[in-house]
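Q: Structure provided below as structure tokens; questions to follow.
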Amino acid sequence: MNSPSGEEPVTLADDLPVWQLTPELDALAEELGLDEGDLDEAVLELLHDKAADAYNNGAYCELGDEDAHDQVHDDADERASSINASVSDQLAFLAGGCASEQDLRSLLADLLA
């Protein structure tokens, strides 16, 4: 896929764009002055939104309605705890849903406003 400039984006390891690699995300965190905890709620909310989608699409249906609901949200809590262990992990998670570095910067500006 071409970038907005029409050029192929530079990619490395497993075809991740360079801007999604840990050193670049760490530099972005430093540039924006992100501290531990700044993105915790955003990550948790996004994961619970995904959990709700999974539940609505039949995840864990074999457990029954209430148990399936609880399980997808328990899974979201566990994943959030893991991701929220570091700012780098949080940025990597958020970057995974962005098409470009500019999209990530725009998302972060909205989340931190």
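The values are calculated or read from the model by the stated rules, or taken from the named source; none is laboratory data. These numbers come from a predicted model, not from an experiment. Positions of Cβ are backbone-derived with ideal geometry, glycine not excepted, and every protein chain shown enters the neighbour counts. SASA here: full protein model, heavy atoms, side chains in, ligands and nucleic acids out. Shrake-Rupley method; radii C 1.70, N 1.55, O 1.52, S 1.80 Å.
Q: Scan the stretch 68-97 for residues that are surrounded by fewer than 18 Cβ atoms within 10 Å (Cβ to Cβ) and not in a helix (DSSP H, G or I) and report the count.
A: Selection size over the stretch 68-97: 4.
Q: Take the stretch 87-104 and flag every residue that is closer than 15 Å to residue 34 by Cα and free of Cβ contacts under 8 Å to residues at least 24 places away in the same chain.
A: Matches in the stretch 87-104: 89 only.
Q: Here's a follow-up. Can you pull out every residue in the stretch 13-33 that is open to solvent by less than 40 Å² (accessible area, probe 1.4 Å) and in a loop (DSSP other than H, G, I, E, B)?
A: Within the stretch 13-33, 21 is the sole residue that qualifies.
Q: Something else now. May I ask you to verify whether residue 36 is loosely packed, with under 13 Cβ neighbours inside 10 Å and in a helix (DSSP H, G or I)?
A: Judged against the criteria, residue 36 is not a match.
Q: Let me ask something additional. Before we move on, is residue 61 surrounded by 15 or more Cβ atoms within 10 Å (Cβ to Cβ), touching a helix residue (DSSP H, G or I) at 6+ places or on another chain (Cβ under 9 Å) and modelled with pLDDT under 95?
A: For residue 61, the condition - surrounded by 15 or more Cβ atoms within 10 Å (Cβ to Cβ), touching a helix residue (DSSP H, G or I) at 6+ places or on another chain (Cβ under 9 Å) and modelled with pLDDT under 95 - is not met.
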